[in-house]
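Novice: Supplied in C-alpha cells, the structure appears directly below.
The values are calculated or read from the model by the stated rules, or taken from the named source; none is laboratory data. Remember, predicted model here, so these are calculated numbers, not experimental data. In this analysis, Cβ positions are derived from the backbone assuming ideal geometry, glycine residues included, and neighbour counts consider all displayed protein chains. Accessible surface is based on the protein model in full, side chains and every heavy atom, while ligands, DNA and RNA are left aside. Shrake-Rupley method; radii C 1.70, N 1.55, O 1.52, S 1.80 Å.
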Amino acid sequence: MSTTALVARTDRDRFVALAFCWADLLFEIDPQMNVVFAAGPTEIFLGKNPPQLIGRPLAELMPPADRPTFRRIFSRSARSGRIDNEALTLNRPSGGILAMSASGYWLDGPDCNLFLGMRRSEALIHSPAYKTWSGLPTARAFSRLAGQKIKRLHAAGKQTELALLALVEFEPFYERLDDGARGQLREKITAALKASSIDGESAAELAAGRYSLLHEADIGLANLVAQLEDIVKSLDPFGPGIKVVGSLIGMEAAVAVSQEHLATGLLFAMNRFRNTRGNNFNMGPLSANIAVLCRTAVMEINDVQQVLAGARIDLAMQPIVDANSGEIDHYEALCRFRDAAPSASPYRAISLVEETDMIVDFDLTMVKKSLAWLLSPAASSRRLSVAVNISGRSVGAPAFTGALLRLLKEQRWSRGRIIFEITEAAQVKDLSMANRFARALRKEGHLVALDDFSAGAASFHYLSRIEVDVVKLDGMAIRSAEKASKGRAFLSALTELCRRLNVKTVAEMIDTPERLEFCRDCGCDYVQGYLFGKPAADVASFSPLPSAHLFRPEYWAEGGSWF
Ligand code: C2E
Ligand code: MG
Ligand code: MG
C-alpha cells in the first residue's frame, strides 16, 4: 500500500469520526456521483446496507423530482469545494420521503471524491415532490414538523395552538382573477400565514384555499381571519369578498402524547378539516382536546391495520346502468369494513389511510378481492365486470403500480373485465407518471376512469393530462347542475366534450326519476345511484333492477308517473 493511500485512509477515518458528531449518514461520492463508501444506519433510513449502496448513483436514493436539484448542488460544490447545509430528500424504504440536511467537502479537490454527511432535517423541505400552490408543505410533511415544534416549545413552557383556516368558495374566486392577481394572492397568503406561524415556517396547505398553521397561543383566530379577508379584498376591491372561517385546536393536552402519535393526530385533524364539505367547518367536540384526537386517530389507524392484516374487508357492489337501455353494464366494488355497520361509509377511514403508506396495501387488497369476486360463480357465469377504486396517492407510488401491473400480467383472464377508477386525483403528485400508469393499464386491455369529476377547472386539467376511457361525474356536481339555471347547458357541453374525446360518462348519486331524466337529457351514458339500489354484497338483489320501469319508453310518454 502506498503512503498516499495511507494518508487518504487516515484522512477519511478522521473525517468519518468527526462527521458522525453531526451526521446520521455519510457518503463518499466519486465525480460521476456514484457511491464509493457509505456509513451509518443506512438500512433503517434507506432499506439497504452500505455494501449494497457501493457503486450506485447517489441520486437513485432520491425522489425523481428532486434529482435535478441534487445534480445542481453537486456541480456547484465541485467549483466551491463544499456543500453547506443544503436541503435534500431521500426515499424511505416504505415509500415516504426523508427530509435531510447535507454538508460536504471535496477533501482533495474536485478530481477526487466528495465526502458528504447527511442528517435528518427539521427544516421544511421545498422539494418539488411536496409542491403545493402556495409553496407551503402538505399536511403530511407539516404534521411531523409541527409535532416536533409543539414538543420543543412545551418543554420551554410555551403554549401553542393549531389554526385551521378555510377561504370559502376559493376556487370560483381564483378562477375570476387574472394571472397577475393570482400571483399576488399566492405571495400574500403565503407570507401572511408564515408570518403568523412559529419560526415563520410552520404553515401548511391542506387543499385549495385550506390552510393550517401552528402559532403561539395568543394570536387569536379573529386576527388571522381578518388578515386573510383583507388580502382577498385588496385584490378584488369591487367583488363581494370571501368569507374566511376557521377553528383552533389548543395543544395543552399534547404533553400526554408521544411525538409520533401527536403527528398522526395533527394529520387526522387536518384531514378532517380538509374533507369537510360546504360551510360546515365545525370540528365538533374532538377539537377541544388534542389528546383525544390523537387517541382516536391512532385507534382508527390501528383498526385499519388490523382489518388489513386479517383481511376483514368485504365488497359492496353497486350497479352502473346504461342510461338509455337500463341494462347493467358493470358493478363498482366499494369497500366495507366488516366490523362497522354494513351501510357505514369507509370514506373517513380511507382518507386517513391515504395519508399513510398503508393505502398501497389497501388498494392492492381491494384489487385482489375484486379479482376473486370476478371468479365467483355469481360473476363468472355471466362474465360480469367490476370497477375498483384506486387512490390518487397509490397511483404515484411505484410500489403500487409495479405490484398491480405484475398482478394483472399473471391474471390475464381479467382483461376487459376490470375498470380502474382513480379517486381523489388532487392527490396525484405527478400527472405524467399517472398518465404512464393509465397507459400501461389500457395497453393490458383494462379500462381507466377518472372518479369524482366536478365542474372545477382542476378536473378538466386532469382530464387533459391523463388518458382515460370513462369520467365519473360527482353526485354533488350533478345536483348543482340540476339546480343552476345554466346547469343543463354546462352538463350537456361536458358530455359532448367527452364524446369527442371518446370518453364515456357516468353520472353518480342518481336517486330520483327526475335526476335520471335530467342526466339522460344532458347526454350522460351511464347512471349509478340509490335509484337502482344501494351497494349490496349480493348482486342478485339488483335483478330485477329496482326502478327498471323508468327505462320503458311508455313511462315517460305517459307523463312520467305510474304511481
Ligand atoms: P366513490 O368511488 O365516488 O363511490 C361512490 C359513493 O357514493 C359510494 O359511497 C356509494 O355508496 C355512494 N352512493 C352511490 N349512490 C348514491 C346515492 O344515490 N346517493 C348518495 N348519497 N350516495 C350514493 P361509499 O361506499 O361510502 O364510498 C365513498 C368513497 O370512498 C368512494 O367514493 C371512494 O372514493 C372511497 N372508496 C370506497 N371504496 C374504496 C376502495 O375500495 N378503495 C379506495 N381507494 N377508495 C374507496
Ligand atoms: Mg368510485
Ligand atoms: Mg365517484
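Novice: Relative to the Cα centre, what is the charge dipole magnitude of the stretch 128-302, using +1 at the beta carbon of each Lys and Arg, -1 at the beta carbon of each Asp and Glu, and rounding to the nearest 20 debye?
Specialist: Value, rounded to 20: 420 debye.
Novice: Between the stretch 311-343 and the stretch 418-465, what is the separation of their alpha carbon centroids in Å?
Specialist: What the calculation gives is 21 Å, centre to centre.
Novice: To continue, here is another question. Using only DSSP helix segments of four residues or longer, with each worth -39500 (n - 2.57), what per-residue ellipticity at 222 nm results for the chain after dividing by its residue count and rounding to 500?
Specialist: Result for the chain, helices only: -13000 deg cm²/dmol.
Novice: Note down, for the stretch 310-557, the three equivalent ellipsoid semi-axes (square root of 5 times each alpha carbon gyration tensor eigenvalue), biggest first, whole angstrom.
Specialist: The three semi-axes for the stretch 310-557 are 27, 22, 17 Å.
Novice: What dipole magnitude, in Debye to the nearest 20, does the chain give about its Cα centre under +1 on Lys/Arg Cβ and -1 on Asp/Glu Cβ?
Specialist: Charge dipole of the chain: 920 debye, to the nearest 20.
Novice: Compute the acute angle (0 to 90°) between the alpha-carbon long axis of helix 67-80 and the principal axis of greatest extent of the alpha-carbon atoms of the chain; round to the nearest 10°.
Specialist: Helix 67-80 sits at roughly 20 degrees to that axis.
Novice: Please tell me which of these pairs span more than 32 angstrom C-alpha to C-alpha: LYS369/LYS486; LYS368/LYS472; LYS443/LYS483?
Specialist: With Cα atoms farther than 32 Å apart: LYS369/LYS486; LYS443/LYS483.
Novice: Arrange the peptides 68-81, 410-423 so that the one whose residues have, on average, the most other Cβ atoms within 10 Å appears first.
Specialist: 410-423, 68-81
Novice: Still on this structure, please answer the following. Considering the dipole of the chain built from charges on the beta carbon (Lys and Arg +1, Asp and Glu -1) around the Cα centre, which of LEU221, PHE27, ALA256 is farthest to its positive end?
Specialist: It is PHE27, whose Cα lies furthest towards the positive end.
Novice: Whole angstrom only: what separates the Cα centroid of the stretch 19-95 from the Cα centroid of the stretch 473-551?
Specialist: Answer, in whole Å: 52.
Novice: May I ask you to compute the full-extension gain from GLU482 to ARG442, defined as 0.36 nm times their residue separation minus their alpha-carbon distance, rounded to one decimal in nm?
Specialist: 11.1 nm
Novice: What is the pair-distance distribution P(r) of the stretch 128-302, computed from all Cα-Cα distances in 5 Å bins starting at 0, with each bin given as a whole percent?
Specialist: 1, 9, 18, 22, 20, 14, 8, 4, 2, 0, 0
Novice: Which angle from 0 to 90°, rounded to the nearest 10, does the C-alpha axis of helix 139-155 make with the longest principal axis of the chain?
Specialist: 50 degrees
Novice: Now for a separate question. Please give the peptides 504-514, 34-44 ranked by average Cβ packing (other Cβ atoms within 10 Å per residue), highest first, as a rough proxy for protection.
Specialist: Highest-to-lowest ranking by the protection proxy: 504-514, 34-44.
Novice: Now, a different point. Whenever you get a sec, compute what percent of the accessible area on the chain sits on carbon and sulfur atoms (1.4 Å probe).
Specialist: Answer for the chain: carbon and sulfur cover 54 percent of the accessible area.
Novice: Further question: Under a 1.4 Å probe, what is the accessible area of the stretch 128-302 per residue, stated in Å²?
Specialist: Each residue of the stretch 128-302 exposes 43 Å² on average to a 1.4 Å probe.
Novice: What number in nm² do you get for the chain if you take the convex hull of its Cα atoms and divide its surface by four?
Specialist: Convex hull of Cα atoms, orientation-averaged projection: 31.0 nm².
Novice: Which of ALA484, SER541, PRO398 sits closest to the plus end of the dipole of the stretch 310-557, meaning its Cα is farthest towards the positive end, when Lys and Arg get +1 and Asp and Glu get -1 on the C-beta?
Specialist: Comparing the listed Cα positions along the dipole, PRO398 ranks first.
Novice: May I ask for the angle, rounded to the nearest 10°, between helix 290-309 and the longest principal axis of the chain, with both axes built from Cα atoms and the value confined to 0 to 90°?
Specialist: 70 degrees
Novice: What is the magnitude of the charge dipole of the stretch 448-563 about its Cα centre, with +1 placed on the Cβ of each Lys and Arg, -1 on the Cβ of each Asp and Glu, and no other charges, expressed in debye to the nearest 20?
Specialist: Using only the charged Cβ atoms, the result is roughly 280 debye.
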